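Asker: One structure coming up, written as structure tokens, with questions to follow.
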Amino acid sequence: MQPYDLPDERGHFGIYGGIFVAETLIAALEELKDAYLTARHDPAFVKEFERELKHYVGRPSPIYHARRLSEKLGGAQILLKREDLNHTGSHKVNNCVGQALLAKRMGKPRVIAETGAGQHGVAAATVAARYGFECVVYMGSEDIKRQAANVYRMKLLGATVVPVESGSKTLKDAMNEAMRDWVTNVSDTFYIIGTVAGPHPYPMLVRDFQTIIGRECLTQMTEAFGRQPDAVIACVGGGSNALGIFHPYIPFQDIRLIGVEAAGEGIATGRHAAPLTANARAGVLHGNRTYLLQDENGQIIETHSISAGLDYPGVGPEHAWLKDSGRAEYVAATDTEALAAFHTLCRYEGIIPALESSHALAHAMKIAPTMGRDKLLLVCLSGRGDKDMHTVAEKSGIQF
Amino acid sequence: MSRIKSTFTRLQTEQRKALIPFITAGFPRPELTVPLMQALVAAGADILELGVPFSDPMADGPTIQRSSEAALAHGMSLQKTLAITSDFRKTDTVTPVVLMGYANPIEAMGQEAFARAAAEAGVDGVLTVDYALEEAAEFAAMLDHVGLDAIFLLAPTSKPERWTELQKLARGYVYYVSVKGVTGKRELDLAEIAARAQAIRAALQLPVGVGFGIRDAKTAAAIAEHADAIIVGSRFIEELENSPAGEELARISALAHELRRGLDSV
């Protein structure tokens, strides 16, 4: 397959993606698209983005060979792309820096964001402080309970965190509320979407900002291992870390791309957040057409995952397209499997991974023993697990 | 001629403005929706907008969100909203009914299957908030094919070149959103609304209805001077929320009467 030139000019990846929003937002999306298309070809913008990633985020993030873990598994070598070492503790900041620079360029003094686990909210609040924007973060009240430390972090950074009480009180509802804010304050506000979803041009521009992950890997793999990996594995909620690491590898036909969704209590139980793995029907939510967990009447259903960052009923439209085209494979890991992977990485490598990233790790640990020791599995360790102390402790029956 | 078109033609000869109330199907209880529709017509409504409840109503403020959640809790769905319309048609074959909602329930039923079922149920127009013009061409053609009007929103942020774009797909009337924002309570800039509504009316060959944030007869009358129709939603839902059980029809009728009087003073 040749490197493809998607999305089309109206944001479609095959039948997915597009612009499904209320009329009030159309002008803002046009303005954003025009600003981005100019910026991405502007050497000054690109240079500033790269400088910020280097000096503020701390890139490039290393690829770490998890030798003890690989030895224990007895098969393929596990390589970790350490996005957990970024400033703010996850890959989310890459995209936030990019969008903040766009907001600055567009002269918007106020930024808003939605957040699930709080990682994107923290990253948005961080760049808002860095560039001097007013910042409002919408967060489901259920997630606020699960992620108290991140809520406090955002407040320290000067952001206002608004609890969302509607619907299932999680990420999707936070996104609804952020959209409502944007519609209302569209002239002075920049909406920093945290994942490769939403109306065009968001899936494209978030992907582009996140491809720094995969582009670094291309160079680092050659330098450190003399070749590219046999498979690239990443967790998929909306799917921004996955697309960031997959995208530069799409033209390499013989490299498997494996997205790992949240199977929650198991796909068969219906209590999960894995629209691709469960072959959910396509539908329209949050501005794009994609695989969507819904009931027979087209109402969005509540999802379940131990990881708030994967607890979302849809998935970025480009993943939907990559699944249908067969270029990427999608599987799922349960809460139990993710937790086991979490504990294993803590004990064998001295790295505490985010519960989101633990899903990718769980799948790598599942397939590594079936592969030869000469095989290389590149896993995107999208974030660190400090924020998940509470959840993990609770699962182990420990109260702080 | 479609019911919507004949309604506006009649109103024009009578030199009156259309009153378009919005209520959420299934709110406060499914069995009340048809009686509420009948009461609204009796109190002077010209066209009815029936909200199809959706789990993620992104363009709606808290009031309509609450009504949507309550209706869904009562088991309301797109199918059942169509059934309600069929019931309403047993006693009223004249008043146009417009379904207003979001794309996904239609996607789930299938656009073409929905268009056929809606026409069969006696629906006259369909306004799908998140089928932006960019994504609506095929769907609008399907609606047109079965004689339904595709109704679209225009916003204060819509550039004039979109008005002409809209002209290709829009039927029935154009819904001008009076404010940047979601449905519900707020301050309206009457002068700006008047200027926009007039400009759109002059540019398009369609009646223009204005909605979002209109709460009383005085405001309705002021805006109606520059428009063909006034759309009121959240205010009706609030009336239903605040009404003791058994008094819903009376409360709704009183509000519709008041708005009607306001419009007839124009």
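Asker: For segment B:75-107, give me each residue that is free of Cβ contacts under 8 Å to residues at least 12 places away in the same chain and facing another protein chain (nearest Cβ under 10 Å).
Answerer: Selection gives B:107 alone.
Asker: Sort out which residues of segment B:128-165 are aliphatic (A, V, I, L, M), more than 7 Å from chain A (Cβ to nearest Cβ) and assigned to a loop (DSSP other than H, G, I, E, B), and write them in order of number. Can you show your working first?
Answerer: Let us first name the residues in segment B:128-165 that are aliphatic (A, V, I, L, M), namely B:129, B:132-133, B:136-137, B:140-143, B:146, B:148, B:150-151, B:153-155.
Narrowing further to those that are more than 7 Å from chain A (Cβ to nearest Cβ): B:133, B:136-137, B:140-143, B:146, B:148, B:150-151.
Scanning segment B:128-165 gives B:146, B:148, B:151.
Asker: Checking residue A:41 against (1) assigned to a loop (DSSP other than H, G, I, E, B); (2) within 14 Å of chain B (Cβ to nearest Cβ), which test does it fail?
Answerer: Condition not satisfied by residue A:41: (2).
Asker: Out of segment A:266-285, which residues are under 30 Å from residue A:389 (Cβ atoms) and within 14 Å of another protein chain (Cβ to nearest Cβ)?
Answerer: A:275 - this is the single residue of segment A:266-285 that is under 30 Å from residue A:389 (Cβ atoms) and within 14 Å of another protein chain (Cβ to nearest Cβ).
Asker: Can you go through A:245, A:267, A:306, A:233 and tell me which one is surrounded by fewer than 23 Cβ atoms within 10 Å (Cβ to Cβ) and on the phi < 0 side of the Ramachandran plot? Can you show your working first?
Answerer: Numbers: A:245 fails: surrounded by fewer than 23 Cβ atoms within 10 Å (Cβ to Cβ); A:306 fails: surrounded by fewer than 23 Cβ atoms within 10 Å (Cβ to Cβ); A:233 fails: surrounded by fewer than 23 Cβ atoms within 10 Å (Cβ to Cβ).
Result of the check over A:245, A:267, A:306, A:233: A:267.
Asker: Take segment A:299-329 and flag every residue that is under 15 Å from the mean Cα position of the chain (by Cα), closer than 11 Å to residue A:276 by Cβ and either away from chain B (no Cβ under 14 Å) or of a type in the set (S, T, N, Q) (or both).
Answerer: Across segment A:299-329, the qualifying residues are A:315, A:316, A:319.
Asker: Still on this structure, I have one more. Looking at A:113, A:22, A:117, A:35, which is the one that is within 14 Å of another protein chain (Cβ to nearest Cβ) and surrounded by 17 or more Cβ atoms within 10 Å (Cβ to Cβ)? Don't jump to the end; show me each part of the working.
Answerer: Numbers: A:113 fails: within 14 Å of another protein chain (Cβ to nearest Cβ); A:117 fails: within 14 Å of another protein chain (Cβ to nearest Cβ); A:35 fails: within 14 Å of another protein chain (Cβ to nearest Cβ).
Only one candidate passes the filter, namely A:22.
Asker: Return the residue satisfying two criteria in turn: it lies in segment A:80-131 and is among the small types (Gly, Ala, Ser) and touching a strand residue (DSSP E or B) at 6+ places or on another chain (Cβ under 6 Å), and of such residues it is farthest from residue A:382 (Cα to Cα). Step through it out loud before you land on a result.
Answerer: In the first step, residues of segment A:80-131 are kept if they are among the small types (Gly, Ala, Ser); the result is A:89-90, A:98, A:100, A:103, A:107, A:113, A:116-118, A:121, A:123-125, A:128-129.
Filter once more, keeping what is touching a strand residue (DSSP E or B) at 6+ places or on another chain (Cβ under 6 Å): A:89-90, A:103, A:113, A:121, A:124-125, A:128.
Working: A:89: 8, A:90: 6, A:103: 25, A:113: 19, A:121: 15, A:124: 16, A:125: 19, A:128: 21 Å.
Looking at residues that are among the small types (Gly, Ala, Ser) and touching a strand residue (DSSP E or B) at 6+ places or on another chain (Cβ under 6 Å), I get A:103.
Asker: Filter segment A:136-153 for residues that are buried (at least 24 other Cβ atoms within 10 Å of the Cβ) and free of Cβ contacts under 8 Å to residues at least 40 places away in the same chain; which is farthest from residue A:304 (Cα to Cα)?
Answerer: It comes out as A:137.
Asker: Pick from A:162, A:186: which is within 23 Å of residue A:122 (Cβ to Cβ) and hydrophobic (A, V, I, L, M, F, W, C)? I'd like the intermediate steps shown before the answer.
Answerer: Working: A:186 fails: within 23 Å of residue A:122 (Cβ to Cβ).
Of the residues listed, the single one that is within 23 Å of residue A:122 (Cβ to Cβ) and hydrophobic (A, V, I, L, M, F, W, C) is A:162.
Asker: In segment A:287-400, which helices (runs of 4 or more DSSP H) lie fully inside it and hold 3 or more residues that are within 30 Å of residue A:199 (Cβ to Cβ)?
Answerer: Details: elements: A:317-325, A:335-349, A:355-367, A:389-395.
Qualifying helices (runs of 4 or more DSSP H): A:317-325, A:355-367.
Asker: Right, something else. Being assigned by TED's automatic domain parsing to the domain that holds residue A:198 and assigned to a helix (DSSP H, G or I) is the requirement here; does residue A:27 meet it?
Answerer: Numbers: assigned by TED's automatic domain parsing to the domain that holds residue A:198: yes; assigned to a helix (DSSP H, G or I): yes.
Yes.
Asker: May I pose another question? Only residues that are closer than 18 Å to residue A:211 by Cα and either without any contact (Cβ under 8 Å) to a residue 60 or more places away in the chain or part of a helix (DSSP H, G or I) (or both): list them for segment A:56-87, please.
Answerer: A:56, A:57, A:58, A:83, A:84, A:85, A:86, A:87
Asker: Looking at B:72, B:32, B:11, which one is at pLDDT 95 or above and either within 14 Å of another protein chain (Cβ to nearest Cβ) or within 16 Å of the chain's Cα centre (by Cα) (or both)?
Answerer: Values: B:32 fails: either within 14 Å of another protein chain (Cβ to nearest Cβ) or within 16 Å of the chain's Cα centre (by Cα) (or both); B:11 fails: either within 14 Å of another protein chain (Cβ to nearest Cβ) or within 16 Å of the chain's Cα centre (by Cα) (or both).
On inspection, the qualifying residue turns out to be B:72.
Asker: Kindly check whether there is at least one residue in segment A:375-383 that is surrounded by fewer than 24 Cβ atoms within 10 Å (Cβ to Cβ) and among the small types (Gly, Ala, Ser).
Answerer: Applying the first criterion (surrounded by fewer than 24 Cβ atoms within 10 Å (Cβ to Cβ)) to segment A:375-383 yields A:375-376.
Now drop any that are not among the small types (Gly, Ala, Ser), which leaves none.
No: zero hits.
The values are calculated or read from the model by the stated rules, or taken from the named source; none is laboratory data. If you're wondering where the values come from, they're calculated on a predicted model, not measured in any experiment. Don't worry about glycine lacking a Cβ; one is built from the backbone with ideal geometry, like all the others, and counts go over all protein chains shown.
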